[in-house]
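To start, the structure under review is shown below, and the notes come after it.
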Amino acid sequence: MRYLDPRADLTFKRVFGEHPDLVMSLLNALLPLEPDQEIISIEYLPSEMVPDNPLRKNSIVDVRCKDKKGRLFIVEMQMIWSPEFKQRVLFNASKAYVRQLNVGEQYELLQPVYSLNLVNQVFEPELEGYYHYYRMVHEEHSDRVINGLHLVFVELPKFVPHTYKEKKMHVLWLRFLTEINEQTREVPPELLASPEIKKAVTAVEESAFTDAQLLGYEKFWDIISVEKTLYNSAERRGMQKGMEKGIQQGIQQGIEKGMQQGIEKGIQQGIEKGIEEGEKKKQHEIACNMKSLGMDPDIIAKATGLTEEEIKAL
């Protein structure tokens with residue numbers, strides 16, 4: 001049996017955009033929900049695919065839904081990461097939060113928005129964990145929370161299960177997303193032991209797709225490869241441009257500093273030379289006066305520091 005990668009647009013939407021029970025299981029497993037907050041029903045909402053950058057217009061796959069309580073859920077598969085994605089996620093979650101109310105309705109009607117972002121790249125290399133949860137909390141008292149927006153980012157490349165026998169749905173879903181792909185020939189039995197994961201695995205079997213869909217699947221990965229290349233090239237050009245600008249600024253600052261130092265040194269030397277010449281002129285005047293009084297050249301030399309030849313030349 002051959003399987004397709006569940007992170008691709010075609011397969012991700014097949015698994016999580018067509019099976020409410022599966023996206024509900026994923027959300028319950030990966031979102032920071034209390035036991036009494038478990039999602040028990042889901043209905044799909046239209047997706048809003050608004051590209052924030054032409055270089056990565058195809059790299060984001062999203063599924064949107066809400067439950068009977070009115071809570072909103074945004075699930076995104078992000079194939080290519082860049083720093084502005086955090087702001088993009090915050091913007092989309094905020095937009096979903098605001099759009100809940102019509103003009104004149106009460107704020108008490110607002111329900112939380114949960115944004116689950118599965119990222120196919122490492123974007124927090126300094127941090128050990130792969131799971132990052134953001135919400136609005138008091139800076140000094142973290143138990144004081146303003147409910148409304150819940151943003152979760154999962155770095156898939158960082159995920160490593162503690163044990164492959166672990167049966168927690170959190171672990172099983174992440175294993176499904178990171179282990180199942182075109183190279184998979186035999187699915188681990190612990191994954192198939194879960195009814196939800198087994199259903200998801202069946203959904204990504206190659207035989208479940210038409211030739212046209214498979215062609216679109218291959219094209220998706222080609223596009224991702226091109227977008228990644230374009231983004232990396234743009235990033236390298238930016239770094240190169242930054243380095244060149246930094247070098248130019250360094251050279252300019254060096255020149256300016258050198259000129260400033262030269263001017264300061266010239267002024268200092270001029271002052272020193274002026275003092276020296278002034279002192280010498282003064283010594284000559286004193287020597288002339290002493291010589292006119294008929295004093296011995298040896299005494300004049302000792303008094304002024306001039307040599308006998310210099311005294312004779314006066």
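Observations on the structure shown:
- Take the range 84-163 with all the other protein chains still there, run a 1.4 Å probe, and you get 63 Å² of accessible area per residue.
- Accessible surface ranking for HIS138, HIS150, 1.4 angstrom probe, highest first: HIS138, HIS150.
- Measure of compaction for the range 75-201 (Cα Rg per 2.2 N^0.38 Å): 1.29
- Amide H contacts of LEU149 (H built 1.01 Å from N, in plane; Pro and chain starts excluded): VAL113, MET136 sit under 5 Å, all sequence-distant by 5 or more or on other chains.
- Using θ = phi - 60° in the Karplus curve 6.51 cos²θ - 1.76 cosθ + 1.60, the 3J(HN,Hα) couplings for the range 77-89 round to 10, 9, 7, 10, 9, 8, x, 6, 4, 4, 5, 5, 5 Hz; x is entered for Gly and Pro.
- Distance between the modelled labels on ARG99 and GLN87, one decimal in nanometres: 2.1 nm (7 Å Cα→Cβ projection).
- Built amide H within the under 5 Å cut-off of ASN117, gap 5+: GLU76, VAL152, PHE153, VAL154
- Options LEU118, GLY104, SER142, ranked by Cα towards positive dipole end of the range 68-158, top entry (Cβ charges): GLY104
- Surface composition of the range 1-155: carbon plus sulfur atoms contribute 53% of the solvent-accessible area (1.4 Å probe, protein chains only, all chains present).
- Computed from point charges on the beta carbon alone (+1 for Lys and Arg, -1 for Asp and Glu), the dipole magnitude for the range 138-223 about its Cα centre is near 320 Debye.
- Over 20 Å between alpha carbons, listed pairs LYS66/LYS95; LYS66/LYS86; LYS291/LYS312; LYS66/LYS158; LYS198/LYS228: LYS66/LYS86; LYS66/LYS158; LYS198/LYS228
- Whole-Hz ³J(HN,Hα) from phi, Karplus 6.51 cos²θ - 1.76 cosθ + 1.60, for the range 122-138, glycine and proline x: 7, 10, 10, x, 6, 9, 6, x, 9, 10, 10, 10, 10, 7, 8, 10, 5
The values are calculated or read from the model by the stated rules, or taken from the named source; none is laboratory data. Owing to the predicted nature of the structure, the values given are computational and were not obtained by experimental measurement. All Cβ positions, even for glycine, are placed from backbone atoms using ideal geometry, and neighbour counts span all protein chains on display. Surface areas here come from the heavy atoms of the whole protein model, side chains and all, with no ligands, DNA or RNA. Shrake-Rupley method; radii C 1.70, N 1.55, O 1.52, S 1.80 Å.
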